[in-house]
Amino acid sequence: INSFASGAIAGATLPEQLVQELTLIDQDAQQVSQLQQQVMMVANQVKNLQGLSLQNWQSVSPLLNQLVTLTGNAKGLAYQTTNTVAAVQAQYGDPTQKLANVQSSMQIWTLNTDNQIAAALKQFGLSEQNFQTQQSALNSIQLASQSATGRQQTLQAGNQIAGLMVNQIQSLQSDMHAANQVIMNHIAYQEHAETAPMTNNASMLAPGAQQNLN
């Protein structure tokens, strides 16, 4: 499910952006874990039935919609992290290539997530093309209510995707926390390198230093 790409937080410094991004991914990780348990509970309740009734569907449909939103949020945060890294690179450079490694990690995560979701959809007879965007995914979930087969397939796929997204978002959460440390260390090092010459020059012009020069 391709997500929207959230923009930089207006007026926030790079460190502030990082803190807000980490807060959001931590919230997503908690919510998707709770959601997966709810979807699995419904799936277990109806797994012995030949079809998912419309009444049962009304209880699971909002959960699947929420799953689409959380998946989109996670992918948006992965994308935003690459933007934040690019901003740090532009401002401070990247002589050690550690920031480039962070970008690569985010890109690999997104590709891996897309592939796993596509495989789950295919396994249960659903077309990946119908879930390319958040809006098309939500539309497909709504259309599934029109037949017992559509409801059953969508629930089964949603149950599997919810499970894999628990692992994927936890993985992204870990990657983003590690990336945050790399970025903050990089910013601190570069700012220290920039301010050190000015500090040395200022100390040379201090009264005591001036006396030593005379």
* Asked: Which lysines have a Cα less than 23 Å from the Cα of LYS98, not counting those fewer than 8 places away in the same chain?
  -> LYS75
* To do: Could you work out how far apart the two model spin labels at GLN38 and SER53 are, taking each label as a point 7 Å from the Cα in the direction of the beta carbon, and quote it in nm?
  => 2.1
* Check cross-link reach from LYS47 to the lysines: straight Cα distance under 26 Å, and skip same-chain residues fewer than eight apart. => LYS122
* Asked: Between THR133 and residues 5 or more places away or on another chain, which pairs have amide H atoms under 5 Å apart, with H built 1.01 Å from N, and which residues are they?
  -> ASN2
* Asked: What is the Cα coordinate range of region 47-165 on the first, second and third principal axes, sorted by size from largest, in whole angstrom?
  -> 60, 21, 21
* To do: Quick one: grab the alpha carbon gyration tensor of region 110-149, order the square roots of its eigenvalues as a ≥ b ≥ c, and give me rounded if a/c is under 1.5, else prolate or oblate depending on whether a/b is larger than b/c.
  => oblate
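All of the numbers you see were taken from the coordinates with simple rules; none came from a lab. Please read all numbers here as calculations on a predicted model, not as lab measurements. Please note: Cβ atoms are built from the backbone with ideal geometry, for glycine as well, and neighbour counts cover all protein chains shown.
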